[in-house]
Structure formats: C-alpha cells, structure tokens
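To start, the structure itself, in structure tokens.
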Amino acid sequence: MTRPPAPRTLADELRARSDARLARLLRARADLLSPLPGDLSQLATRAGTRTSVLRALERLDTFTLRVAEALAIAPQPCPVETLAALLPGGEERLPLALDALRDRALIWGRDDGLRLVRTAQELLAPGPGRPSPTGLGPTLAETATGISPSRIQELLTGAGLPATHDPVSALAALAGLFADRDRLTALLDQAPDAARAVLDRLTWGPPYGEVSARPSPPVRWLLDRALLMPTAPGTVVLPREVALALRGGRAHRELVAEPPDPGPCVEHRPDTVDAAAAGAAQAALALVEQLATGWSTDGPAVLRAGGLGARELKRTAVLLDIPEPEAAFWVELAFAAGLLAPDGEADERCAPTPGYDEWLALPAAERWTALVTAWLATTRVPGLVGTRDSKGRLLAALGPGLDRGPAAALRRRVLTLLAALPPGHAPAAEGVQRRIGWELPRRMPDETRIQLCDAVLAEAERLGVTGRGAFASFARPLLSSPRPEGPAAAELLRDQLPEPLDHFLLQADLTAIAPGPLRPDVRRVMDAAADVESKGGATVYRFTAGTVRRALDAGWTPDELHAFLAEHSRTPVPQPLSYLVDDMARRHGRLRVGAASSYLRCDDEALLTQLVADRRAAPLRLRRLAPTVLISELAPDTLLTRLRDLGLAPAAETAEGALVTLRAEARRTPPRTPPEPAPDGPPPADDTLLAAAVRAIRAGDHAAGAAGPSPTTARLAEPAGPPPRTPALETLATLRAAARAGTQVHVGYVTADGVAAHHVLSPVRVEAGFVTAFDHTADEIRTYPLHRVTGATPLR
C-alpha cells in the first residue's frame, strides 16, 4: 500500500483531516469560527496568528505545554524519537500530548517530521536576549553570527579539534563535539573547578551571564573553547547544545508528566454531603430573598462611578447578618441572575427587578438552579471587591472592573474536578490549587489562580453545590456540556429539600420556633411581627413590643395578629404574647402625628402633660396649642422615630384623621437584563453548529480549487426576482427540514430598516422563534428571528 505523501503545509494537513477532526479543532479553538474562514487555507492562516496561538497555548496543561516547548528547541522537522529523548519519563503520555497539539493545529507533519507552527515557535523558542521557557539559550550557530572566521578557528583549536576550511564546517565540528557525551566529558574534565561552577549556574537557566571587560581565567577558559559564547559587550550565553549535554539531554528540569493528585481527601457519607448541600441551598434562597426584600423598600444609592459605596455594602452586611465579603458575593450573584439592578433614575438606587418577582414565584429547586446557572456563567469576581485595579481605583460591588475572563472556565474546571472524585470525597484547597495549576499553567498568574480557586470552593459551599467540601449529587447535571441541565438538577434537589411548613411552635418566653423553612406567606408575616434571633436547622423568632408595633404600623389589626398566631401555632398561644399584642394595640395610635411642621393629637390629656414635662422630650420642642394637641418643629417621620425611642407607640394620620399604614411600597426597577459575561474567548460551539461550519469550510475549499465562482456565489450575484415569500407554517417546515437534512435554503429577510434582502442559509437549529444557520451571504454563523423571515425555498 502506497504511503500518502507528507503534507507540505498546515493547510495540506487540514485538508487531509476528517470532518470529525476539523470539528475538534474548531471546538478547541472557538475563536477560529468568528468570522468563519472561507476555506481551509484561510483556516490555517488564522490558526497561525499570534493572538489565536497565544490563546491556544494558554489552554494547554503543563505536560502538553512542556512537549510544545521541547519541540520549539528541537531541530525542525523533528522525529518523534528525538522529541521523546528530550522528555525522558514522559514517553507514556507523549502520544496524548501530541494528539492534543494536533487537535489544536499547533503542530503538523507526520511522526517522522513533526513541525511546530511558526508563531508558536517564535513564542516558545529562545530569541535575542530571551531564553525559552525551558531555560535554554540559542544554538551554537546562532551565537556565532558576527564572529570572524579566524576566531571560530581559534575556538576549534581551543577545543582540541583540527582546523577546517570554512566557518560552517568548524561550527559543525564543535556541535558534534558537544553532542558526543564522552568527548564532551573528557573536555570538561580538563576544566578548572571555578569554570565548572560557572557552567552549573547556567545549565538550567537563565543561560545568560555578565562578564567584565577582562573576563576571569575560568570564564576565559570557557570562552576559548566555545563552551560560552559572547552575545553583546559584557554578556555571554551558554549554547543550547552545551546546556543539553550538561542536562543529560533533558529539555526540562521537572517534567511533571502526570497530573498531581488533588488528595488527600476527607471522606463523608454521600447522603450526609447531599443533606448539608441542600441545607446550604435552602439558606442561599432565604438570603437572596432577604436581600431583595430589604432593597425593595430602602435600596442603596449607586456611586457616580458605578457600584455600591463601602457604607452601603456594610449596611447590607448588617441587614443579612453576614461579613461584608460574603455580602458582596450575594449582591453580585443576585445581579448576575438579573434579580437586582440599578434603577436608572437621576438619583440612582438599586432595587429588585421585575425578574425577581418571576423568580420568586418559581418552586425552590428551580430558583436554586437559576442562581447556580448564573453563577457558573458569570465572569465577575466578588472577591475583588475592596481591592484596587491597576490604576489604583477602588473596586466596588456592582461596579466596573470586576470581570475576569478566565473566571467562568476556571470555576467550571474546579467543579468538574470535584465531581470526578468518588462521592463524598472532599479534597483540601491546596490539592485543588496544585491540580488546577498543572492544568492551566499559563492561563493566569499563580496568585490570581490561587485566589480564584479559593473563591470557587467557598462560593460552592455557600450555594449548596458542595456539602462539607464534597460535590453534591444533585448538582452534577449543571456541569453538562454545552448547556447546564437545570430541570434535571432541580428534580434531584427537590427530593432533598424539606417541604415548607405552615406552622411554628410558640413558647412562653415570647419566642417562636420554626422547625424548618416556613411557607413564604407565613414567613413574611413572621418577619413583620418578630425578629429572627437565630438561624440553622430551626429558626427562632422573638416577639417584642417593637416588633408587634411594627406589624401594627404595617396595617395588621390586633384581631388579625391573634388569628394568625392561633391558626399557625402548633402550641397554644402563650398568655404573655396575647397580653403583649393587646397592650401594644391599646397604646398604638393613642398619639397621632401629622404635618404642621408636625403635631401630636391625643384624647388623653394626662399623657400629653406627662410628655411635655418629660426632660427626654426637650429636644422635640413641643408646644401646647390645646389640651389634646401639641406641635413640634420636627418633620413627622423624625418625630415618630423620636417618640418611639421614648417608649411610646405613636401612629401617623392623614389630614382627615385616618391612620396611615406605614407599609412601604415595594420598589422595582424597569425591566433589566442580566449583565453579559465577559470571557477571554468565545465559548465552544455545539456539535450541530460545528458540523455546519465544517461543511461550509469544505464547500469554500472546493470552490476555491475549481474554476469560476461557486454555485452559491452565482445564485447570489443574480437573484431571481424578489425575495421568497411563503406562509409562516411552510417557512418553518422548510427551515426545519433543511436543518435535519443539512441542505441550503434561499430565504427572504426583512432588516430592522424594513429592507427585504436575499440570504442563502444552511440552517443548524430552529427553536424558540429563531433560526441559527450558516449565512453564505455573510460568510458567518448568525441567528435570525423567524418573524423577520418572509419565506424560504429549498436551494437546488
């Protein structure tokens, strides 16, 4: 069987690849899809651009990157046996690494002549004054550029070699000496100890050193034998061939061929992990709801530069009874999920969005999956709140500057690592950091990577994605690719969450114990009539005179409170609590505050006399107008607050004398969309889109190789009449049939300007009122709303 000829270029190799292999390239390097290359030559050219190659190198694991680095300092083309000799200890994993580099089009050629893409060679090989990542310097021939022929002959003589007739053969003889371990060892045995010490310092890099105008005798000994070569005045370099010989042929000091184990792990029972995670998920929902409820009536002001000020964040932390860094996380999560946003008014404040009401109406499990899905996708890093950016500006919650491109990919990678461990196994943070550092050595600085890893582990525990450090079983569907399977995760979580309760247990000490999560309508009344004293598996509420007054201020009548307590308590209503409600009801509203600046009205003259005589009321500047009326210079809301501080229970009234309910109206922003993630690269495309892209590139490649324009180009150049017009159902059926069969359709499309135009599409997906297709008119993949498509006809 005749062996196919070796490819001459990367484009030739891409043409020989199968469609599945081309799809793997486009999946691994999604930036090559936008815009879609017209043919395989364009694809090869774009795959060699500096930005794209840098992005591809950043996504390599440590060993695969080591292979690319070794290939960069090897002779080109390089047989796989020569490459393996540079990587002793990595022979078993080498084929996997080469496959990964081929899939990303970073190398090409057969195994007997591997070549690194030129741009990757420039990035990884040593350059003038710049060592390679291996710590190796330039070759002997590269260092000899500019050296006179007579000096090269002197180097031959110093190394004990016979003279040659030209510099090229002289350099070849020196390189042969350095490549022969026995001959080089014999030469080094003659070296002074100080000269060997110089070589030892340069062997593993950096290979450059500084010398004086008059080098010391040991350095001079090395220079006279080409074991060191001058590169610039006062600078010498260790040639690559010498360094490799001194290293024993190793390209790297540490190869790290195998990924480090994230262990040791703490083992828990899987059901214990799921129970702990479900409890955290329940607490997460309560925190987000508490945050939104607090901001519904008194949302924080937005800084002029955007985001929340330090004082507002502290106030939010007090509201949620958690530390400020954790409060910043919940604020950012609700923002990412589209539940909270600035309202856009002149005096801008934050408030829940209309989407929050829709979210609140969902079952608990669906609400949780919505939060986690937003968390997985966001590139904002709440842990950066309070730090400063490169220009010294303070980073604020909800403000600009918190996006970090690799955050979402790293978050998913950490969770995938946890999910791959046996159920119930919780690794230490240091083990996770080591493993992610091996998998993504170039993606971000070490300090940033460690910070993000710690943040992912802490946030996953708060959200209930993990329990006691181990991955929860019900969260696994959320890691499915390319889209999280939220309904499946919600179904699994639903079995773990307790049913909301409609009852509590009243105690004689004016407390109530909720043995589990309360039904939303019950919890809202309890939040109005009592304060939360402690949280956990059970919630303890405490009734006080102030909390009962708060419920009365919100419009609850004493009879309604008595009825609520009797209906929802599984224990008899304690007498002290009934007395407290009745006592506050008698006192509530005896004093009436209105606007004069403000006045007080009370049918009890004695109470007003007592108030005027009270020294603590002196700052109120009260004056008597009538036996039952006092006036004050303070505003009504301030006067209400001051009177309550004195232990009274005043109520506001209207000009007609009716009681004013102080229940604040819930504020909402106009409709808001969640912030778009800002990844450092496009997300991978799904299989259907990749198949369509490969077909389009193949078609362009065939057209480029044939004489004359492609059929599609000819059809577009002379459109036959007006754009197609077909009934909506027929249009939908035609597009769906083309998507199933992988054929092209001729469609009419009305732009936003009302102009009807011709388009030739290869539909990929038709769903949710949109058609996603490769548009041969624009040479890229686009998504069009179906209501703008006037008609569709098969293209034959």
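FYI, it's all coordinate maths here, none of it is from the lab. On a predicted model such as this, the values are computed, not experimentally measured, just so you know. Cβ sites come from the backbone with ideal geometry, for glycine too, and all protein chains shown count toward neighbours.
Could you calculate the contour length gain from R304 to D531, that is, 0.36 nm times the residue separation minus the distance between their Cα atoms, to one decimal place in nm? Before the final figure, lay out each step's value.
On the way: separation 227, 0.36 × 227 = 81.72 nm, distance 3.47 nm.
Extra length from R304 to D531 when fully extended: 78.3 nm.
What is the chain's relative contact order, in percent, from Cα pairs under 8 angstrom and six or more apart in sequence?
On the way: 1280 pairs, mean separation 94.4, N = 796.
Worked out over the chain, it gives 12 percent.
With θ taken as phi - 60° and the coefficients 6.51, -1.76 and 1.60, list the Karplus ³J(HN,Hα) couplings across the range 147-154 in order, rounded to whole Hz; mark glycine and proline as x.
3J(HN,Hα) across the range 147-154, in whole Hz: 7, 5, x, 5, 5, 5, 5, 5.
From the alpha carbon gyration tensor of the chain, can you work out the equivalent ellipsoid semi-axes (sqrt of 5 times each eigenvalue) and give them in Å, largest to smallest? Can you show the working numbers first?
Details: eigenvalues 964, 287, 123 Å².
Over the Cα atoms of the chain, the semi-axes work out to 69, 38, 25 Å.
GluC sites (Glu not before Pro), restricted to the range 332-403: which are DSSP loop and have at most 11 other Cβ atoms within 10 Å? It would help to have the intermediate numbers written out before the result.
Working: sites: E332, E345, E348, E358, E366; in loops: E345, E348.
Those satisfying the criteria are E345.
Quick one: work out Rg over Rh on the C-alpha atoms of the range 140-246, Rh as Kirkwood radius. Before the final figure, lay out each step's value.
Numbers: Rg = 12.7 Å, Rh = 13.8 Å.
Ratio of gyration radius to Kirkwood radius for the range 140-246: 0.92.
Find how much the distance from A428 to T45 grows on full extension, using 0.36 nm per residue of separation minus their present alpha carbon separation; answer in nm with one decimal. Can you show the working numbers first?
On the way: separation 383, 0.36 × 383 = 137.88 nm, distance 4.40 nm.
Answer, rounded to one decimal: 133.5 nm.
Could you give the dipole magnitude of the range 265-494 about its Cα centre, charging the beta-carbon of Lys and Arg +1 and that of Asp and Glu -1, in debye to the nearest 20?
With Lys and Arg at +1 and Asp and Glu at -1, about 840 debye.
Can you pull out the trypsin sites (Lys or Arg not before Pro) in the range 345-439 whose DSSP state is coil and whose Cβ has at most 13 other Cβ atoms within 10 Å? If you can, show how the numbers build up before the last one.
Numbers: sites: R349, R367, R380, R388, K391, R393, R404, R411, R412, R413, R434, R435; in loops: K391, R393, R404.
In loop regions of the range 345-439 (DSSP not H, G, I, E or B), the sparsely surrounded trypsin sites (Lys or Arg not before Pro) are K391, R393.
Per residue, how much space in cubic angstrom lies within the convex hull of the C-alpha atoms of the range 281-377?
Working: hull volume 9.4 nm³, N = 97.
Normalising the Cα hull of the range 281-377 by residue number yields 97 Å³.
Quick one: grab the alpha carbon gyration tensor of the range 265-494, order the square roots of its eigenvalues as a ≥ b ≥ c, and give me rounded if a/c is under 1.5, else prolate or oblate depending on whether a/b is larger than b/c. Please list the in-between numbers first.
Numbers: a/c = 1.98, a/b = 1.28, b/c = 1.54.
It is oblate, given that a/c is not under 1.5 and a/b is not larger than b/c.
Rounded to the nearest 0.05, what FRET efficiency is calculated for D321 and E122 with R0 set to 56 Å and r the Cβ-Cβ distance? Provide the component values of the computation, followed by the final result.
Numbers: r = 56 Å, r/R0 = 1.00.
Efficiency, from the Cβ-Cβ distance: 0.50.
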